[in-house]
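Have a look at the structure below, then the notes.
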Amino acid sequence: MSGAMKGATRDVIDLSMNEGEPPSRECFDVLERVGPGILRKYADPRPLEEAYAAYLGTDPANVLATTGGDDAIDRVFRAFLGADQEMVFPTPTFEMIPACARMARGTLVPVEYEWGTLPHDEILAEVNERTGVVAVLTPDNPTSRAFTTRELLRLADALPPEVVLLVDSAYAEFADEDHTAALLEIPRVVMIRTMSKSWGLAGLRVGFAVGARERIDVLRGFGGPYALTGPSIAIALDRLRNGVDKMREFVEYVRGRRERLAGVIRGVGGVPQPSQTNFVFSSFPDARWILRGMAAQAVLVRYFPHLPEYVRITVPRDDGEFRRVERALGCLAGRAGGGAGAMGGVGGPRPGPEALLFDMDGVLADVRRSYREAIVRTCASFGVEAGHELIGAVKAAGGANDDWAVTHGVLERAGVEASLEEVTARFEEIYQGTDEAPGLRRHETLIPSRELLEGLARSFRLGIVTGRPRADAQRFLREQGVRGCFSAVICREDAPLKPDPAPVLTALERLDARTAWMLGDTPDDVKAAVGAGVVPVGVVPPGQAEQAAAAVWAALEDAGAARVVNADSDFGGLFDG
């Protein structure tokens with residue numbers, strides 16, 4: 001993810017890591033009670049193991065406290081998977097399963113399957129004398145589905161006794177069925193549990209391996225004697241003694257809200273998987289649009305390159321988060337919704353953003369023979385050759401929203417000593433024209449079709465955010481016959497220039513809009529949009545050579561554009577869904 005997307009200016013909601021409810025003040029009160037002496041002592045994990053065993057209803061000998069669930073997974077593979085052995089697992093799966101198996105130098109044997117039903121026969125078909133571990137997740141990450149206790153017992157009973165069945169149950173509290181007691185009866189099973197998800201204590205890194213004593217005793221020898229810190233043990237122990245009811249209230253909240261989240265996702269064209277976790281895993285017609293568009297609105301979700309159609313969204317942890325997620329997803333509906341009417345054509349519905357914002361030069365106005373040529377000719381008048389390719393590269397680099405300053409910068413780098421005022425005056429003569437010579441501005445033409453803009457204006461509030469002087473911007477709109485389409489035109493006189501988000505925020509204020517897309521052809525446009533919490537759509541200006549267009553495209557994506565299109569009569573069908 002680009003730095004621009006990470007650096008959104010507003011409060012960021014991180015729904016990419018499946019973390020639980022933020023811990024209460026009671027957690028900090030625990031540390032005040034135990035005092036600073038806890039920091040100088042190695043911590044004894046046995047009280048924590050006893051408390052967790054009581055929570056599960058088993059013997060403490062069946063529980064090993066570990067540094068998060070990942071430590072427990074790692075121990076299983078180091079203990080029961082040799083360098084000449086194989087690990088069989090349904091895929092896709094949690095990334096640490098194959099990662100830890102590789103670190104143990106085992107051989108991976110993935111099994112493709114139809115999500116939702118344990119691939120019993122397919123797994124057994126891969127099990128042989130070299131198999132050391134079979135690893136399954138339930139509920140599963142990332143698919144969010146769960147296997148039944150009956151399926152798990154059937155698989156466990158069918159495996160050879162020397163094969164360990166690892167069952168990662170990090171999301172067990174959110175599931176419809178609790179398989180813990182039944183699997184504890186099977187000696188070859190080791191379950192992975194954690195306090196990171198339903199308990200909301202991911203930062204403490206408290207996990208557990210749970211299984212028959214003979215397996216757990218082996219795992220104790222594959223880690224340090226003090227895997228957990230004193231503060232982690234103290235807080236986790238307090239939650240197990242005093243916070244079970246609160247945890248279960250949060251679980252019920254999530255279980256109720258995940259179907260509501262699934263409904264919102266369906267409303268914007270996504271297809272959610274049935275969930276028994278604290279997240280919803282969904283396919284979209286354009287999953288990267290969802291990922292990057294949400295990030296621009298300061299909501300982080302998870303994208304998997306090996307599952308490019310899918311996005312994973314943690315269930316929002318309170319009503320305020322939910323409203324922001326709902327609004328952010330709704331803003332993207334025009335692209336995610338599908339169908340020719342997705343953007344709400346004339347008389348149609350209005351999913352998508354409340355407003356559409358446009359940069360002017362290179363997006364609405366073809367300025368190759370006006371502004372861009374004015375830069376070239378102004379430089380030439382000072383004896384400096386600056387071709388269109390150079391100007392395009394300068395624009396793509398960012399910090400180039402002022403053509404007067406761009407021209408002055410090119411001349412300065414060429415060793416020309418001229419003031420900005422002198423360069424600006426020369427530029428304006430060439431662009432505006434004089435009594436002796438007509439100006440280049442006469443060559444400007446409208447890039448999108450007038451019909452497209454008029455149709456969008458009937459369904460959305462349209463605005464312009466440009467670095468042009470107001471007189472130039474208004475004149476272009478009048479000459480092209482589209483001034484009436486735009487309810488707000490923000491020019492250089494109104495706010496600092498992009499990449500400052502101020503002009504974008506000013507446009508939102510004048511349009512009385514909370515959500516918007518912004519179409520711009522430079523990284524400055526994209527960064528200004530992200531800074532204002534607006535979804536940025538990059539536009540490659542017309543007339544670019546193939547290599548130059550590719551460079552502009554890459555620069556726009558790197559700056560944080562949720563999508564990039566070519567400047568043409570309908571922006572590559574962007575508004576058709």
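The values are calculated or read from the model by the stated rules, or taken from the named source; none is laboratory data. Please read these numbers as outputs of a predicted model, since none were measured by experiment. Cβ coordinates were reconstructed from backbone atoms using ideal geometry, including for glycine residues, and neighbour counts include every protein chain displayed. What goes into the accessible areas is simple: the full protein's heavy atoms, side chains included, and nothing from ligands, DNA or RNA. Shrake-Rupley method; radii C 1.70, N 1.55, O 1.52, S 1.80 Å.
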Packing-ranked peptide list from 182-188, 317-323, 275-281, 555-561, highest mean Cβ count within 10 angstrom first, is 275-281, 555-561, 182-188, 317-323
Report the extension gain between V416 and K246 in nm, rounded to one decimal, defined as 0.36 nm multiplied by the number of residues separating them, less their alpha carbon distance. 54.2 nm
Only helices counted: for the chain, with every DSSP H run of 4 or more residues adding -39500 (n - 2.57) and the sum spread over all residues, [θ] at 222 nm is -12000 deg cm²/dmol
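Label region 354-422 by shape, choosing from rounded, prolate and oblate, from the square roots a ≥ b ≥ c of the eigenvalues of the Cα gyration tensor; if a/c is under 1.5 it is rounded, and otherwise prolate applies when a/b is larger than b/c, oblate when it is not.
Values: a/c = 2.30, a/b = 1.95, b/c = 1.18.
Prolate, since a/c reaches 1.5 and a/b exceeds b/c.
For the chain, what % of the accessible area comes from carbon and sulfur atoms, probe 1.4 Å?
Working: 11450 of 23560 Å².
Here it works out to 49 percent.
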For region 168-263, take every pair of Cα atoms, bin their distances at 10 Å starting from 0, and report each bin as a whole percent. 14, 38, 36, 11, 2
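Determine the relative contact order of region 380-446: mean sequence separation of Cα pairs under 8 Å and six or more apart, normalised by residue count, in whole percent. The partial results should precede the final answer.
Working: 36 pairs, mean separation 13.1, N = 67.
Dividing the mean separation by the residue count of region 380-446 yields 20 percent.
Counting heavy atoms of the protein chains only and a 1.4 Å probe, report the per residue accessible area for the chain as a whole number of Å². All intermediate terms of the calculation are to be shown ahead of the outcome.
Values: 23560 Å² over 577 residues.
Each residue of the chain exposes 41 Å² on average to a 1.4 Å probe.
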Taking 20 °C and 1.002 mPa s as the conditions, I'd like the Stokes-Einstein D for region 505-552 in µm²/s, using the Kirkwood hydrodynamic radius from alpha carbon pairs. 183
Computed from the beta carbon distance with a Förster radius of 41 Å, FRET efficiency for S569 and E95 to the nearest 0.05 stands at 0.40
At what distance in nm do the modelled label points of R478 and D44 sit from each other, each positioned 7 Å from its Cα along Cα→Cβ? 8.7
Using mean Cβ contacts within 10 Å as the protection proxy, how do 288-295, 152-159 order, highest first? 288-295, 152-159
Ellipsoid equivalent to region 380-467 - semi-axes via the Cα gyration tensor, in Å: 31, 17, 12
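I'd like the per residue volume of the convex hull spanned by the Cα atoms of the chain, given in cubic angstrom. Mind showing how you got there, number by number?
On the way: hull volume 107.8 nm³, N = 577.
Expressed per residue, the convex hull around the Cα atoms of the chain is 187 Å³.
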Distance (nanometres) between label positions extended 7 Å along Cα→Cβ at A437 and E451: 3.9
Just give me a number: lysine pairs in the chain, eight or more positions apart or cross-chain, with C-alpha atoms less than 15 Å apart. 5
For the chain: relative contact order, % (alpha-carbon pairs under 8 angstrom, 6 or more apart): 15
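With r defined as the distance between the Cβ atoms of A425 and D512 and R0 fixed at 41 Å, what FRET efficiency is calculated, to the nearest 0.05? Write out the running numbers ahead of the final one.
Working: r = 39 Å, r/R0 = 0.95.
Plugging the Cβ-Cβ distance into 1/(1 + (r/R0)^6) gives 0.55.
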